1. Kindly state, to the nearest 0.05, the FRET efficiency for Asp3 paired with Glu38, given R0 = 22 Å and r defined as their beta-carbon distance.
2. Please report, ordered by residue number, every helix of the chain (full DSSP H runs) that is 18 Å or longer along its axis going by C-alpha atoms and whose mean Kyte-Doolittle hydropathy reaches 0.5.
3. Return the equivalent ellipsoid semi-axes of region 59-141 as a descending list in whole Å, where each equals the square root of 5 times an eigenvalue of the C-alpha gyration tensor.
4. For Ala99 paired with Arg122, estimate the spin-label separation in nm (one decimal), with each label point 7 Å from Cα along the Cα-to-Cβ line.
5. Report, by chain and number, residues whose modeled amide H sits under 5 Å from the one on Ser31, excluding near sequence neighbours (fewer than 5 apart, same chain).
6. In region 42-141, with Lys and Arg counted as +1 and Asp and Glu as -1 at Cβ, which of these residues, Trp121, Ala63, Ile49, has the Cα nearest the positive end of the dipole, that is, farthest along it?
7. For Leu75, which sequence-distant residues (separation of 5 or more, or a different chain) have an amide H within less than 5 Å of its own amide H, given hydrogens modelled in the peptide plane?
8. Take each of the peptides 44-54, 124-134, 16-26, average the number of other beta-carbon atoms within 10 Å over its residues, and list them starting from the highest.
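The values are calculated or read from the model by the stated rules, or taken from the named source; none is laboratory data. Remember, predicted model here, so these are calculated numbers, not experimental data. Cβ placement follows ideal geometry from the backbone for every residue including glycine, while neighbour counts extend to all protein chains displayed. These area figures cover heavy atoms from the full protein model, side chains too; ligands, DNA and RNA do not enter into them. Shrake-Rupley method; radii C 1.70, N 1.55, O 1.52, S 1.80 Å.
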Amino acid sequence: MSDLRIRAATPDDLDTVLAFWKTAAEGTSISDDRNGVERLVARDPEALILAERDGELVGTVIAGFDGWRCHLYRLAVSPQHRRQGVGSALLAAAEERFARLGGRRGDAMVLTRNETAHHAWRAAGYTPQEQWRRWVKPLTD
């Protein structure tokens, strides 16, 4: 894994990240547009973490901290780089960030239907909390 580079995204990375999510991420979000990701990076420049190999984007994770809880979103690894430690390296970087910020527990948004992701999250030590249900309300049309 010595050829894997983990770093925070910059505004110059955003178009590449959005294109990457179309092929490597499961599902889409209302925030998966240039303005949404631009706001994320402007508000918290260390939240969007990238993994690169030979200059190519091979993975992402959003490690958001609101001062109280640690939230993980958009853990995505390109299909040809899966099962090579990329996801583990991204999660380690996210967890290190949370520890520096005083976070105590990470939670992840994982699609119910994404069985492949369930295996990866379990392998990383995360467990589902079946007693919780996510409730959402779009704030824009």
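1. 0.15
2. On the way: long enough: 86-101 (23 Å, 0.64).
Counting only whole DSSP H runs, the qualifying helices are 86-101.
3. 20, 18, 13
4. 2.6
5. So Ser31 has HN proximity to no qualifying residue.
6. Farthest towards the positive end: Trp121.
7. Correct list: Ile62.
8. Numbers: 44-54: 17.9, 124-134: 9.1, 16-26: 15.8.
Taking the mean over residues of other Cβ atoms within 10 Å, the ranking is 44-54, 16-26, 124-134.
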